[in-house]
1. Hey, can you rank 45-52, 14-21 by average C-beta count inside 10 Å, highest first?
2. I want to check the label-to-label distance for Asp23 and Met94. Put each point 7 Å from Cα in the C-beta direction and report it in nm to one decimal.
3. Separation between the Asp127 and Glu49 pseudo-spin-labels, each 7 Å from Cα along Cα→Cβ, expressed in nm?
4. What residue among Tyr53, Gly78, Leu27 has its Cα farthest toward the positive end of the dipole of the range 24-109, where the charges are +1 on Lys, Arg and -1 on Asp, Glu, each on the Cβ?
5. Considering only protein heavy atoms and a 1.4 Å probe, what is the carbon-and-sulfur percentage of the accessible area of the range 26-121?
6. Please go through the residue pairs Lys7/Lys141; Lys109/Lys140; Lys77/Lys126 and name each one whose alpha carbons sit more than 25 Å apart in this structure.
7. Under 17 Å Cα to Cα from Lys133, which aspartates and glutamates show up? Leave out anything in the same chain fewer than 8 places away.
8. How much accessible area per residue does the chain have, counting only protein heavy atoms and a probe of 1.4 Å, in square angstrom?
Amino acid sequence: MIRQIQKDEAGLAAEIERVCFSDAWSLEALEQSAENRFDIVYLCQDQGETVGYCLFRILAGEGELLRIAVLPQFRGKGYGRELMEAMAEAARAMEVSQIFLEVRESNEKARHLYETCGFCTVTVRKDYYGNPKENGIIMKKRMI
């Protein structure tokens, strides 16, 4: 089940961040996103257990996927795709023309997911990421 997060549930996303990212966003940042009118934060739950989340921003008719993560023990079960589809559905409803994202160059599984969801590579940002240092791949999906 995919649903929009409430501010008091930001800790669920923060725990996923802690487990999944070397550069995890803080609880405070996630609480701010839950309240920000430009951000949409979705939780993915299965039988009451939170298994993943995504955070995207819609601004000036464009979308940006800022974060998406599924806990390691739940990967490969379609939850990431469900989150991507929920994001795309919300973007279409808000008449977003395109969605951008950036991903670590080495994250082949995520890149494959994005490609199968209609994203294509636009450019590479050299040494964009830290911890560890790595190129960022910018991807885009046209919605209209």
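The values are calculated or read from the model by the stated rules, or taken from the named source; none is laboratory data. Computed from a predicted structure; not experimentally measured. All Cβ positions, even for glycine, are placed from backbone atoms using ideal geometry, and neighbour counts span all protein chains on display. Accessible surface is based on the protein model in full, side chains and every heavy atom, while ligands, DNA and RNA are left aside. Shrake-Rupley method; radii C 1.70, N 1.55, O 1.52, S 1.80 Å.
1. Ranked from most to least packed, the peptides come out as 14-21, 45-52.
2. Taking the two extended label points, one gets 2.3 nm.
3. Label at Asp127, label at Glu49, 4.2 nm between them.
4. It is Gly78, whose Cα lies furthest towards the positive end.
5. 45
6. The pairs that break the limit, which is 25 Å between Cα atoms, are Lys7/Lys141; Lys77/Lys126.
7. Qualifying aspartates and glutamates at Cα under 17 Å: Asp23, Glu102, Glu105, Glu108.
8. Averaged over the residues of the chain, the accessible area is 56 Å².
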